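The values are calculated or read from the model by the stated rules, or taken from the named source; none is laboratory data. From a predicted model like this one, the values you see are computed outputs, not experimental measurements. Note that we place each Cβ from the backbone using ideal geometry, even for glycine, and neighbour counts take in every protein chain shown. Keep in mind that these areas ignore ligands, DNA and RNA; they rest on the heavy atoms of the full protein, side chains included. Shrake-Rupley method; radii C 1.70, N 1.55, O 1.52, S 1.80 Å.
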Amino acid sequence: MNNPFLPKPARLVAVREETPNIKTFVLKPEEEFSFAAGQFAALTVPGVGEAFFTPSSSPFVKEEIEFTIMRVGRVTTALFARKEGEVLGLRGPFGKPYPLEKFIEKEVFLVGGGVGLAPLRSLFLALVAEIEKYKKVYLRYGARTPKDLVYKKELKEWAGYKKCDLLLTVDVGDATWKGRVGVVTTILDKIPCDVRNSVSVVCGPPIMMKFVTKRLLEVGFSPKDIYLSMEKNMSCAIGMCGHCRLGRYFICQDGPVLTWEQVKEIEDPFV
Ligand SMILES: Cc1cc2nc3c(=O)[nH]c(=O)nc-3n(C[C@H](O)[C@H](O)[C@H](O)COP(=O)(O)OP(=O)(O)OC[C@H]3O[C@@H](n4cnc5c(N)ncnc54)[C@H](O)[C@@H]3O)c2cc1C
Ligand code: FES
């Protein structure tokens, strides 16, 4: 029987530095591993422990899987010390994917902050792979400084993709930065899509998610069309321990993406 607690081996084949404290880890699973955009997985550093991350790569690429990870504590610090060729553990996938069937024929408005662009990259790549199904894809992304922007090279390429519209901002600019300056909500001053036929997907720090949601509601997005990544602390990831409880939801089972319609009655769902 498949034991959901048993990690499968996955070899680290490449590590890309995105920012001073964010890296993308490319893993080659030694057993079959597939996921849909929005689902998450547990990465195990042998001898240290495991932590949960959402793949940042395209779900259509099966041989390799990428995770973009910010160094914050014990597991991520150990992960940052791992070298290409070493074997890690991979458990999952867990949670529900983005409901792409509900995005068909619509404009999809993605809003990311910091390392929150990681799951949105997976979603963006899934959308552009079948762009004929969607009306248009917008990406609004902000980081603290130009150095903190992830996927710098790709962002330039994505801006030229068919039916895609990108806008970036940084909280604080520098001599190299010619773009917008201000927190993410400042680039939501104009939302060019038809909100009656659009969905929005938001991922970033809790405070950013709170103010972006407020802005999306102000311009007329329906609560059921605002999808929020609720990255609560998890333990079992299979609905048994209750660690990830948010109101009546278990984020590992019902999420990690919930709509504003689902969480709006919960007192400060972004904590
Ligand atoms: C569904 C889901 C998807 C996620 N996807 C991603 C992703 O794609 N990329 C990503 O980077 N993260 C992601 N996360 C967050 C990620 O799981 C956590 O950052 C990770 O668990 C941290 O593990 P850790 O052992 O390194 O940190 P821990 O040691 O568990 O620390 C966790 C927190 O405690 C704080 N902390 C740790 N040590 C100290 C200390 N000495 N003093 C003060 N504070 C301290 C850290 O700042 C951090 O905020 C996701 C989380 C979930 C639930
Ligand atoms: S992490 Fe155990 S119930 Fe969700």
Pair list, Cβ < 8 Å and 6+ apart or interchain, from segment 166-190 residues that are among the acidic types (Asp, Glu) to residues that are surrounded by fewer than 17 Cβ atoms within 10 Å (Cβ to Cβ) and in a loop (DSSP other than H, G, I, E, B) | 171/144; 171/145; 171/182; 174/145
If we scan segment 101-120, do we find a residue that is in a helix (DSSP H, G or I) and more than 15 Å from residue 24 (Cα to Cα)?
-> yes
Selection count, segment 31-42, where residues are modelled with pLDDT of 95 or more, under 21 Å from residue 79 (Cα atoms) and either in a loop (DSSP other than H, G, I, E, B) or touching a helix residue (DSSP H, G or I) at 6+ places or on another chain (Cβ under 7 Å) (or both) = 1
Quick one: in segment 238-262, of everything that is assigned to a helix (DSSP H, G or I) and within 15 Å of ligand 1 (Cβ to nearest atom), which residue is surrounded by the fewest Cβ atoms within 10 Å (Cβ to Cβ)?
-> 253
Among the numbered conditions (1) in contact (Cβ under 8 Å) with a residue 40 or more places away in the chain; (2) out of contact with any strand residue (DSSP E or B) (no Cβ under 7 Å at 6 or more places or on another chain), tell me where residue 113 comes up short.
-> (2)
Could you give me the residue pairs with C-beta distances under 7 Å whose first residue belongs to segment 59-88 and is aliphatic (A, V, I, L, M) and open to solvent by less than 20 Å² (accessible area, probe 1.4 Å), whose second residue is part of a strand (DSSP E or B) and within 6 Å of ligand 1 (Cβ to nearest atom) wherever it lies, and which are 6+ apart or on separate chains?
-> 69/53; 75/51; 79/69
Does residue 117 satisfy the criteria of being open to solvent by less than 20 Å² (accessible area, probe 1.4 Å) and hydrophobic (A, V, I, L, M, F, W, C)?
-> yes
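Okay, residues lined up against (1) touching a helix residue (DSSP H, G or I) at 6+ places or on another chain (Cβ under 6 Å); (2) surrounded by 16 or more Cβ atoms within 10 Å (Cβ to Cβ); (3) not in a loop (DSSP other than H, G, I, E, B):
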site	(1), (2), (3)
178	no, no, no
191	no, yes, no
209	no, yes, yes
232	yes, yes, no
236	no, yes, no
Return yes or no: is residue 12 closer than 12 Å to residue 92 by Cα and either loosely packed, with under 15 Cβ neighbours inside 10 Å or over 12 Å from the mean Cα position of the chain (by Cα) (or both)?
-> no
